[in-house]
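Peer 1: Got a structure here, written out as structure tokens. Questions coming.
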Amino acid sequence: MPETNRRVPAFGRAFARAGPRMDARGAAEHRRRLVEPAHGAVVEIGAGYGATFPFYPAAVTGVLALEPDPTLRGLALAAARTAPVPVTVKDGVAESLPVADASVDVVVSSLVLCSVAEQSVVLAEVVRVLRPGGLLLFYEHVRSAHRILGVAEDLVTPLWSRVAGGCHPNRDTAAVIARAGLAVQGLERFGFSALRGNPPLAHVLGVASKS
Ligand SMILES: C[S@@+](CC[C@H](N)C(=O)[O-])C[C@H]1O[C@@H](n2cnc3c(N)ncnc32)[C@H](O)[C@@H]1O
């Protein structure tokens, strides 16, 4: 069994409360744009409370949404009932996807690669399940390019990751995606203050494909 991050049930409950406020501040629009290119068979890792489900386009034939946290998974199950495309919600982690090799058209990761124990392990699993030409759609917060802010994020990461469900604010996620052998085709970088009073954090919204 691959290593996953330590489960923090309190984080799931806190995210269920904070997430809708993030959505209202702009995260919902980021999610809509994230899944615009989705089509065919989709796996969404760390689906949370299902905030992305309403935005899946009609070109999607089905979504397998994996969520390890029980509180968030319960909310995702409810959200799946009103999704515009068929969504199946299951307990599961991104390090071990319950699908066959080269069987998936699109994998979606929204604010999850910050939280997994080892990004390279998850990305190897994404590469395994994607068909040739398949896409990884990602929306993640990443380490700041500003020298001082980046160092500040490095300093807070050990404590932050303990209280925030394993979240690492200092990861260069797009570079790790490219190192995993996926071709990053589109990458938008922007600052986003997810909650009132929070500093804007660097975010990326992108598409990477398997050759
Ligand atoms: C910040 S929340 C984002 C949730 C959702 N994707 C969204 O955009 O609202 C991080 C999510 O990653 C999930 N998660 C953490 N570690 C995971 C892992 N190893 N595999 C799959 N999901 C994981 C958490 O349970 C949580 O739902």
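Quick note: the coordinates plus some simple rules give every number you see, no bench work behind them. Bear in mind that the values here come from a model prediction, so they are computed numbers and not experimental data. Don't worry about glycine lacking a Cβ; one is built from the backbone with ideal geometry, like all the others, and counts go over all protein chains shown.
Peer 1: Taking strands (runs of 3 or more DSSP E) that do not extend beyond the range 127-210, which have at least 1 residues that are within 13 Å of Cys114 (Cα to Cα), touching a residue at least 40 places away in the same chain (Cβ under 8 Å) and touching a His at 6+ places or on another chain (Cβ under 7 Å)?
Peer 2: The qualifying strands (runs of 3 or more DSSP E) are 130-141, 201-209.
Peer 1: Which one of these does Ala124 not meet: (1) under 16 Å from Gly50 (Cα atoms); (2) of a type in the set (A, V, I, L, M); (3) surrounded by fewer than 19 Cβ atoms within 10 Å (Cβ to Cβ)?
Peer 2: Failed condition: (1).
Peer 1: Given the conditions (1) over 14 Å from the mean Cα position of the chain (by Cα); (2) within 19 Å of Pro20 (Cα to Cα); (3) of a type outside the set (Phe, Trp, Tyr); (4) part of a strand (DSSP E or B), which single one is not true for Leu77?
Peer 2: (4)
Peer 1: Given the criterion within 24 Å of Ala194 (Cβ to Cβ), acidic (Asp, Glu), away from the ligand (no atom under 13 Å from the Cβ) and surrounded by 17 or more Cβ atoms within 10 Å (Cβ to Cβ), identify the matching residue among Glu153, Glu140.
Peer 2: Glu153
Peer 1: Can you run down the residue pairs with Cβ atoms below 6 Å, 6 or more apart or on separate chains, where the first is in the range 28-49 and within 13 Å of Val87 (Cα to Cα) and within 10 Å of the ligand (Cβ to nearest atom) and the partner is in a strand (DSSP E or B) and among the hydrophobic types (A, V, I, L, M, F, W, C)?
Peer 2: Once the first residue is within 13 Å of Val87 (Cα to Cα) and within 10 Å of the ligand (Cβ to nearest atom) and sits in the range 28-49, its partners that are in a strand (DSSP E or B) and among the hydrophobic types (A, V, I, L, M, F, W, C) give Glu44/Val63; Glu44/Ala65; Glu44/Val108; Ile45/Leu66; Ala47/Ala65.
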